[in-house]
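Asks: Take this structure, written in structure tokens, and hold onto it; I'll ask about it next.
The values are calculated or read from the model by the stated rules, or taken from the named source; none is laboratory data. If you're wondering where the values come from, they're calculated on a predicted model, not measured in any experiment. When we count neighbours, we look across all protein chains shown, and the Cβ atoms used for this are built from the backbone with ideal geometry, even at glycine. Surface accessibility is based on the protein's heavy atoms, side chains included, excluding ligands, DNA and RNA. Shrake-Rupley method; radii C 1.70, N 1.55, O 1.52, S 1.80 Å.
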Amino acid sequence: MQTTRHFWLGIIIGVLGIVLFSSKAVMVKLTYNYQVDAISVLLLRMLFSFPFYIIIAYIYRNKNNDVKIKNKDYVWVVFFGFVGYYLASYFDFVGLTYIKASLERIILFLYPTIVLLLNRLFLKQPITKTQAGAIGLTYLGIVIAFSDEVAISGTDTYLGGFFILLSAITYASYLVGSGWLIPKFGVVKFTAYAMLVSCICVFIHYSIISKISLFSFAWEVYVLGFLIAVFATVIPSFLVSISIKMISSSNFAIVAGIGPISTIILAAIFLNETLTLLQLIGALIVIVGILLVSLKKN
């Protein structure tokens, strides 16, 4: 009885984490209503989340001290923080200026298939027939969803989709490349360090290219920036980690399937976005394909 309660609590925590993560795209789209560009929104996200990751890094500074960490390991942390969180986030935020939040989430949901392809290409890890079929299924779903959107919204959809796909590729590259490094630092400490690197990259990026004053935005933009940082970045990252510990990664892979669904629902409520029947079918095909990939991988 206690085990069952523990399991269902883990599922509830996982669902909450996924829904909060899913709200990010919706809140970013809401900020764009106030004529704010992508790098400004990303800056606010990083500014508000920066103190949290400083605190986390300080609390976990002595964890895994029994593992010898070399100077070059810190260089790799900087590299993966740049690729996995800065580049991936920037491409994502730029892509959202062109396409719907619901379509963004569907494309980002492809990253497990990209992980498999990168593992095959660089690490020579085999792909099973089931995984290959699931990969084909997911990309078929993307083609179906996108073909309909181009007809509705025009060719900017391709540009937005390209940026979101770049985000998924850079994030998948981070997952594949950093696997050997995470055990040295521990998951929480590594994530905090990588996020701090990402924050600094965004601060530099903004200071070089932006001519907009940080204090010139509408008050709603700062509120949304804070919500994106805390409720769509920091809190869900911990909820997901807790859920995986409670229910296992294979069970969490199933829970993660609600990600695109929750984004579609939130985008309909807060952005008045609608997907055509064909796009919904495409989204469902993608979800089924990713679940097959995730379950087979686990």
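Asks: Keeping every protein chain present and rolling a 1.4 Å probe, give me the accessible area per residue for segment 172-298 in Å².
Replies: Numbers: 5840 Å² over 127 residues.
Normalised by residue count, the accessible surface of segment 172-298 is 46 Å².
Asks: Counting each DSSP H run of 4 or more residues in the chain as -39500 (n - 2.57), what helix-only mean residue ellipticity at 222 nm follows after dividing by all residues, to the nearest 500 deg cm²/dmol? Each step should come with its number before you reach the end.
Replies: Working: 15 runs with 231 residues, N = 298.
For the chain, the value works out to -25500 deg cm²/dmol.
Asks: Separate question: What are the membrane-span-like helices in the chain by this rule: whole DSSP H runs, Cα extent along the axis at least 15 Å, mean Kyte-Doolittle hydropathy at least -1.0?
Replies: Details: long enough: 2-32 (46 Å, 1.07); 38-59 (31 Å, 2.07); 71-81 (16 Å, 0.43); 111-122 (16 Å, 1.26); 129-153 (36 Å, 0.96); 156-177 (32 Å, 1.18); 187-209 (33 Å, 1.86); 219-229 (16 Å, 1.73); 235-247 (18 Å, 1.75); 258-270 (18 Å, 2.25); 277-297 (30 Å, 2.20).
Helices meeting the criterion: 2-32, 38-59, 71-81, 111-122, 129-153, 156-177, 187-209, 219-229, 235-247, 258-270, 277-297.
Asks: Hey, what did segment 1-160 get for relative contact order, percent, Cα under 8 Å, at least 6 apart?
Replies: 29
Asks: Something else: With each label point set 7 Å from Cα along the Cα-Cβ vector, what nm distance links Lys245 and Ile265?
Replies: Distance between label points: 2.7 nm.
Asks: With the contact rule set at Cα under 8 Å and sequence spacing of 6 or more, what percent relative contact order holds for the chain?
Replies: Values: 394 pairs, mean separation 130.3, N = 298.
Normalised by residue count, the contact order of the chain is 44 percent.
Asks: May I pose another question? Just in segment 180-221: which trypsin sites (Lys or Arg not before Pro) are loop by DSSP and have at most 16 other Cβ atoms within 10 Å?
Replies: On the way: sites: Lys184, Lys189, Lys211; in loops: Lys211.
Passing both the DSSP loop test and the Cβ count: Lys211.
Asks: Could you sort the peptides 270-276, 11-17 by per-residue average Cβ neighbour count (10 Å cutoff), highest mean leading? Numbers along the way, then the final one.
Replies: Working: 270-276: 14.6, 11-17: 18.9.
Put in order of decreasing packing, that is 11-17, 270-276.
Asks: Something else about it: Could you tell me what percent of the accessible area of the chain is made up of carbon and sulfur, with a 1.4 Å probe and every protein chain present?
Replies: With neighbouring chains kept in place, the figure for the chain is 71 percent.
Asks: If you take every residue apart from Gly154 with its C-beta less than 15 Å away from the C-beta of Gly154, what net charge results, scoring Lys and Arg +1 and Asp and Glu -1? Could you put the intermediate results ahead of the total?
Replies: Details: positive: Lys100; negative: Asp148, Glu149, Asp156.
Local net charge: -2.
Asks: Per 0.36 nm of contour for each residue apart, how much would the distance between Ile204 and Lys72 grow if the chain were fully extended, relative to their Cα-Cα spacing? List each step's numbers first, then the result.
Replies: On the way: separation 132, 0.36 × 132 = 47.52 nm, distance 2.28 nm.
Extra length from Ile204 to Lys72 when fully extended: 45.2 nm.
Asks: Return the label of the correct value of log10 I(q)/I(0) by the Debye sum over Cα atoms at q = 0.10, 0.12, 0.13, 0.15 Å⁻¹, as calculated from the structure shown, out of (i) -0.48, -0.72, -0.86, -1.21; (ii) -0.55, -0.81, -0.97, -1.30; (iii) -0.86, -1.03, -1.10, -1.21.
Replies: Label of the calculated value: (ii).
Asks: Still on this structure: Volume per residue, Å³, of the convex hull around the alpha-carbon atoms of segment 15-137?
Replies: Numbers: hull volume 21.7 nm³, N = 123.
Value for segment 15-137: 177 Å³ per residue.
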